[in-house]
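J.: I'd like to ask some things about the structure below.
The values are calculated or read from the model by the stated rules, or taken from the named source; none is laboratory data. All values reported here derive from a predicted model rather than from experimental measurement. Here Cβ is always computed from backbone atoms with ideal geometry, including for glycine, and neighbour counts include all displayed protein chains.
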Amino acid sequence: MKVSSTNNNSISTSNLSKFYRNFRAVNSLTIDVSPGDIFGFLGPNGAGKTTTIRMLCGLLSPTSGYAKVAGFDIVKDSLKIRSIVGLLPESSGFYNWMSAEEYLLYFAALYKIDTHLGKKRAKDLLEIVGLATKSFVPISYYSRGMKQRLGLARTLINEPKILFLDEPTLGLDPKGQQDIQKTLLELNREKRVTIFLSSHTLSEVSSLCNRVAIVNRGRLVAQGSIEELRTLAGSSSGLVVRILNSPSAQKELSSLPYQIQTNTTDNNRLIDVHVSDGVSESANEIIDRFEKAGLQIYEIRRMGMSLEDVYFKLTEAKKKEDQQTLPEAQQKPKSKEEQRQRHA
Ligand SMILES: Nc1ncnc2c1ncn2[C@@H]1O[C@H](COP(=O)(O)OP(=O)(O)O)[C@@H](O)[C@H]1O
Ligand SMILES: [Mg+2]
């Protein structure tokens, strides 16, 4: 059976690159986003996130490589892609004299949506983004957070099944960030919208996204679920067993059949025991061994690398790898002393 390409809400790129003269803003990027994903595109400023998003939305042509969005080629079908995706750019201009409702109707008309339907959609969207009671107020009175929510409503006017958001919570206060994130989760769960979201905020990506690509200096560092990235970073999962300290605790700890590291805490009252070997899905055996050794368990928790740790570890590893594989001419310039020695 032939599957219609228009029903496929996925995004895939293959060695996608964008050079500005000789500068590689996006360098051989290969990523895959499945339908229904909330995909986090994570990287520091200048990593190439905006450039990538603009290419995927058919607004900028790649220097080389290719990509498909919802089954359409980003170069040949750029007009089609622009009509079916939603894009919330890094910064949007607003017509401040309009009300939110007028603003959405204006965009509905640009998409040639029938007036009656446009009115209904505008009303529903203002409800979704929590601006229904402010829909007749001029946009000039809106806070930054309200403007960003209105921007989000605008990107939804054509009912896109794929939504691109370029750092959507940048510069918003915690409440503003939460409002946007909540709406995105609802759109994804209730309307099955595939979301491609760029961010340099690790906490946002780890709380919102099911899959992540880390980019740095135009290159892909890693992609996968947060769990997969943790494994890639070589994160050893383990358990921290917090026990009550006692005169015999050290002796009892030394009888455990595990490699352990200990830290006393709470004014010497408690000891954190890090167990990283022999840790399986169930903690029963470990608890059992601790009890048999005569130790009093206060609490027990699993430890895993935070996304922060994973991010820095992977980015650092990639940087080293690049430096080793780069042709000599592209490596960091050598010191004057080294250059003199080479040319002597
Ligand atoms: N039009 C342009 N001309 C030259 N360089 C550009 C242009 N647009 C972006 N860049 C450069 O490309 C790199 C990636 O930019 P960008 O995609 O905006 O990164 P990000 O969104 O991750 O901060 C940056 O170093 C930026 O300065
Ligand atoms: Mg950007």
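J.: Give Leu152, Leu88, Leu170 a once-over and let me know the one that is within 16 Å of ligand 1 (Cβ to nearest atom), under 17 Å from Glu186 (Cβ atoms) and surrounded by 14 or more Cβ atoms within 10 Å (Cβ to Cβ). So that I can check it myself, show each step before the final result.
T.: Details: Leu152 fails: within 16 Å of ligand 1 (Cβ to nearest atom); Leu170 fails: under 17 Å from Glu186 (Cβ atoms).
Within the list Leu152, Leu88, Leu170, the selection yields Leu88.
J.: Please count how many residues of region 142-183 are part of a helix (DSSP H, G or I) and more than 16 Å from ligand 2 (Cβ to nearest atom).
T.: So the first thing to find is which residues in region 142-183 are part of a helix (DSSP H, G or I), and the list is 144-155, 174-183.
Next, only the ones that are more than 16 Å from ligand 2 (Cβ to nearest atom) stay: 144-147, 149-150, 152-155, 174-183.
Residues flagged as part of a helix (DSSP H, G or I) and more than 16 Å from ligand 2 (Cβ to nearest atom) within region 142-183 amount to 20.
J.: Here is a follow-up. Residues that are more than 16 Å from ligand 2 (Cβ to nearest atom) and touching a residue at least 40 places away in the same chain (Cβ under 8 Å): does region 43-58 have at least one? Break it down into steps so the answer makes sense when it comes.
T.: Within region 43-58, the subset more than 16 Å from ligand 2 (Cβ to nearest atom) is 58.
From the residues that got through so far, the ones that are touching a residue at least 40 places away in the same chain (Cβ under 8 Å) too are none.
Checking region 43-58: not a single residue is more than 16 Å from ligand 2 (Cβ to nearest atom) and touching a residue at least 40 places away in the same chain (Cβ under 8 Å).
J.: Hey, does region 303-310 have a residue that's surrounded by 10 or more Cβ atoms within 10 Å (Cβ to Cβ), over 16 Å from Val240 (Cβ atoms) and modelled with pLDDT of 80 or more? Let's see the steps before the verdict.
T.: Quick first cut of region 303-310, residues surrounded by 10 or more Cβ atoms within 10 Å (Cβ to Cβ) only: 303-310.
With the extra rule that they be over 16 Å from Val240 (Cβ atoms), the set shrinks to 307-308, 310.
After this cut, where a residue has to be modelled with pLDDT of 80 or more as well, the list is 310.
Yes, there is a match, as at least one residue in region 303-310 is surrounded by 10 or more Cβ atoms within 10 Å (Cβ to Cβ), over 16 Å from Val240 (Cβ atoms) and modelled with pLDDT of 80 or more.
J.: Another one. Is at least one residue of region 175-182 under 15 Å from the mean Cα position of the chain (by Cα), surrounded by 20 or more Cβ atoms within 10 Å (Cβ to Cβ) and within 16 Å of ligand 1 (Cβ to nearest atom)?
T.: no
J.: Looking at region 77-93, I want the residues that are in a strand (DSSP E or B) and have a partner that is among the hydroxyl-bearing types (Ser, Thr, Tyr) with Cβ atoms under 7 Å, at least 6 apart or on another chain. Which pairs are those?
T.: Note: pairs meeting the criteria are Gly86/Thr155; Leu87/Thr155; Leu88/Thr155.
Yes or no, residue by residue, for (1) in a helix (DSSP H, G or I); (2) over 29 Å from the mean Cα position of the chain (by Cα):
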{"position": "Lys68", "(1), (2)": "no, no"}
{"position": "Asn96", "(1), (2)": "no, yes"}
{"position": "Glu102", "(1), (2)": "yes, yes"}
{"position": "Ala108", "(1), (2)": "yes, yes"}
{"position": "Ile113", "(1), (2)": "no, yes"}
{"position": "Leu117", "(1), (2)": "yes, yes"}
{"position": "Asp124", "(1), (2)": "yes, no"}
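J.: I want to confirm something. Restricting to region 186-202 and keeping residues that are more than 24 Å from Ser12 (Cβ to Cβ) and surrounded by 14 or more Cβ atoms within 10 Å (Cβ to Cβ), which single residue is farthest from ligand 2 (Cβ to nearest atom)?
T.: Of everything passing the filter in region 186-202, Leu202 is farthest from ligand 2 (Cβ to nearest atom).
J.: Within the set of pairs 6 or more residues apart or between chains, which connect a residue that is under 17 Å from Val69 (Cα atoms) inside region 185-210 to a residue that is within 16 Å of ligand 2 (Cβ to nearest atom) and in a helix (DSSP H, G or I) with Cβ atoms less than 9 Å apart?
T.: Phe196/Ile53; Phe196/Leu56; Leu197/Glu204; Leu197/Val205; Ser198/Lys49; Ser198/Thr50; Ser198/Thr52; Ser198/Ile53
J.: Under 10 Å from the mean Cα position of the chain (by Cα), surrounded by 14 or more Cβ atoms within 10 Å (Cβ to Cβ) and either of a type in the set (S, T, N, Q) or at pLDDT 85 or above (or both): is that true of Val205 in this structure? I'd like the intermediate steps shown before the answer.
T.: On the way: under 10 Å from the mean Cα position of the chain (by Cα): yes; surrounded by 14 or more Cβ atoms within 10 Å (Cβ to Cβ): yes; either of a type in the set (S, T, N, Q) or at pLDDT 85 or above (or both): yes.
Yes, satisfied.
J.: For the condition in a loop (DSSP other than H, G, I, E, B) and buried (at least 16 other Cβ atoms within 10 Å of the Cβ), what is the one hit in Leu295, Leu220, Leu239? Break it down stepwise before answering.
T.: Values: Leu220 fails: in a loop (DSSP other than H, G, I, E, B); Leu239 fails: in a loop (DSSP other than H, G, I, E, B).
Only one candidate passes the filter, namely Leu295.
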